[in-house]
Amino acid sequence: MPEPPNDSAEVRELSERVMANIEKVIIGKREVVENTLVALLCGGHVLFEDIPGVGKTTLAKAFARSFDCNYKRIQFTPDLLPADVTGVSIYDQSTSSFRFRPGPVFANILLADEINRASPKTQSSLLECMEERQVTVDGITHPLPDPFLVFATQNPLEYEGVYPLPESQLDRFFLRLSIGYPTDEDEINIVKHQQQQHPLDSLAAVANDSQITRAQSLIRETHVSDALHHYVHGIVSATREHLSLFLGASPRGSLSLTRAGQARAALSGRGFVLPDDVKALAAPVLAHRLILQPEARLAGVQPEEIIREILGKVPVDERVG
C-alpha cells in the first residue's frame with residue numbers, strides 16, 4: 001500500500017482542530033461531527049434530517065463559526081420566494097439601469113433551515129447553486145464564493161407543513177445525516193454547559209476559507225486503487241438491481257462515495273482508501289438517493305437497511321487498498 005503523504009497529516013491536524021472546537025458545543029456526537037467534516041472537505045452539501053430540538057441548527061452554526069468565512073442563514077417558510085434566496089434585479093434611477101442585489105445564497109456556508117417548509121418552487125432555486133456554484137437571474141450568471149457549502153435542515157415528512165424534497169435536489173446533497181437523541185449522561189452535560197451561557201456564543205474560528213480550499217484539494221490526492229473503484233461500483237450497481245428499489249443511485253452516488261472514502265482516509269492520517277472507509281459512509285452517502293418501490297415503502301423498509309444488505313453481499317477484492 002502507498003505510504004501516507006505529508007499532506008494527509010496536514011488534513012488530519014486541521015480536522016482534529018475543527019472537531020475539538022465543535023465538540024465544545026455538540027456533545028457525544030463524534031461520528032456525526034466527523035461525517036459532516038468529511039462532506040465539508042469534499043465540497044459537498046449536507047442534509048440534516050431529524051426531529052426538532054436535537055441540535056441540527058446548532059451543529060450547522062458550530063461548523064460555520066469554526067471557520068473564518070462568510071456565513072448566512074435562511075429560514076425557509078411557505079411564503080419564501082426564490083428571489084429571497086438568490087437575489088433580485090432592482091431598477092437604479094441614478095443610472096437608469098437594473099442592478100443585481102445578491103441574496104443570502106452568496107456566502108461560503110449557507111444554512112437552509114427547515115428547507116422542506118418552503119414551496120417546491122423556492123426549493124428549486126437552490127438547484128443551480130448547489131450543482132454549478134452559480135446563480136442566474138434575468139439571463140445573467142453570477143458566480144458564488146469559493147468555497148460554497150449548503151447545510152440544510154429538515155423535519156421528517158410525518159410533521160405538518162412540510163413538502164418532500166424532489167429527487168433531483170436530494171441527489172445534490174453529498175450526505176444525509178441524523179443526529180438522534182443524546183444519551184442520558186450527554187443530555188445532563190448539555191444542560192450543565194448551557195446553564196449560564198450557550199457555548200456557541202463564545203465559539204471562535206479555528207480555520208479560514210483558504211485552509212478549507214487547500215484541504216479540499218489535498219483530499220483528491222488520496223490514493224484510490226482500481227480494485228476499490230470496482231468495489232464502489234459494485235455497491236452502487238447493486239442498488240439499481242435491488243427488487244425493493246424503484247430507483248437506484250446515480251453515477252453521482254459513485255463519485256460521492258469515492259470522494260467520501262478519500263476524505264475519511266485523510267482524516268485518519270492515511271494516504272489510501274480502505275473498504276472500511278466506504279462501508280462506514282455508504283448509508284449517509286447513498287440512502288437518500290434511493291427511491292423505494294411502493295410495496296416496500298408500505299412494508300416499512302428503510303433505505304439504510306437495503307444498503308446494509310448490499311454491503312453484506314458485495315465481495316471485497318483482496319487487492320483493495
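The values are calculated or read from the model by the stated rules, or taken from the named source; none is laboratory data. None of the values given here were measured: they were computed from a predicted structure. Every residue, glycine among them, receives a Cβ derived from its backbone with ideal geometry; neighbour counts consider all protein chains shown.
Can you find a residue that is buried (at least 21 other Cβ atoms within 10 Å of the Cβ), more than 18 Å from the chain's Cα centre (by Cα) and either among the small types (G, A, S) or closer than 22 Å to I26 by Cα (or both) anywhere in the stretch 79-98? Show your work before the answer.
Going through the stretch 79-98, the residues buried (at least 21 other Cβ atoms within 10 Å of the Cβ) turn out to be 85-86.
From what is left, the residues that are more than 18 Å from the chain's Cα centre (by Cα) are 85-86.
Imposing the further condition that a residue be either among the small types (G, A, S) or closer than 22 Å to I26 by Cα (or both) reduces the set to none.
Within the stretch 79-98, none of the residues are buried (at least 21 other Cβ atoms within 10 Å of the Cβ), more than 18 Å from the chain's Cα centre (by Cα) and either among the small types (G, A, S) or closer than 22 Å to I26 by Cα (or both).
List every residue pair whose Cβ atoms sit under 7 Å apart, with the two residues 6 or more apart in sequence or on different chains, where the first one lies in the stretch 185-205 and is without any contact (Cβ under 8 Å) to a residue 24 or more places away in the chain and within 14 Å of K29 (Cβ to Cβ) and the second, anywhere, is in a helix (DSSP H, G or I) and hydroxyl-bearing (S, T, Y).
As it stands, the answer is none, since no pair meets every condition given.
So how many residues does the stretch 121-161 have that are crowded, with 18+ Cβ neighbours inside 10 Å, over 24 Å from Q216 (Cβ atoms) and free of Cβ contacts under 8 Å to residues at least 60 places away in the same chain? Show your work before the answer.
Our first condition is that a residue be crowded, with 18+ Cβ neighbours inside 10 Å; within the stretch 121-161, this holds for 122-123, 125-126, 129-130, 135, 137, 144, 147-155.
Applying the additional criterion that residues be over 24 Å from Q216 (Cβ atoms) yields 122-123, 125, 137, 154-155.
Cutting the leftovers down to free of Cβ contacts under 8 Å to residues at least 60 places away in the same chain gives us 122-123, 125, 137.
Count: 4.
If the Cβ limit is 6 Å and pairs must be 6+ apart or interchain, which residue in the stretch 282-302 that is closer than 28 Å to L228 by Cβ pairs with which residue that is of a type in the set (D, E)?
These pairs meet every condition: A283/E304; A287/E304; R289/D171.
Scan the stretch 72-97 residue by residue and report those that are assigned to a loop (DSSP other than H, G, I, E, B) and acidic (D, E). Break it down stepwise before answering.
Here is the first cut: in the stretch 72-97, the ones assigned to a loop (DSSP other than H, G, I, E, B) are 76-81, 93-96.
The one that is assigned to a loop (DSSP other than H, G, I, E, B) and acidic (D, E): D79.
Tell me, which helices (runs of 4 or more DSSP H) wholly within the stretch 202-299 include 3 or more residues that are out of contact with any Lys or Arg (no Cβ under 7 Å at 6 or more places or on another chain), over 28 Å from C69 (Cα atoms) and not assigned by TED's automatic domain parsing to the domain that holds I22? Break it down stepwise before answering.
Values: elements: 209-219, 226-241, 251-267, 275-286, 294-298.
Counting at least 3 such residues, we get 226-241, 275-286, 294-298.
Looking at S168 and the list (1) within 24 Å of E128 (Cβ to Cβ); (2) in contact with a strand residue (DSSP E or B) (Cβ under 9 Å, 6 or more places away or on another chain); (3) surrounded by fewer than 18 Cβ atoms within 10 Å (Cβ to Cβ), which single condition is not satisfied?
Going through (1) within 24 Å of E128 (Cβ to Cβ); (2) in contact with a strand residue (DSSP E or B) (Cβ under 9 Å, 6 or more places away or on another chain); (3) surrounded by fewer than 18 Cβ atoms within 10 Å (Cβ to Cβ) one by one, S168 breaks only (2).
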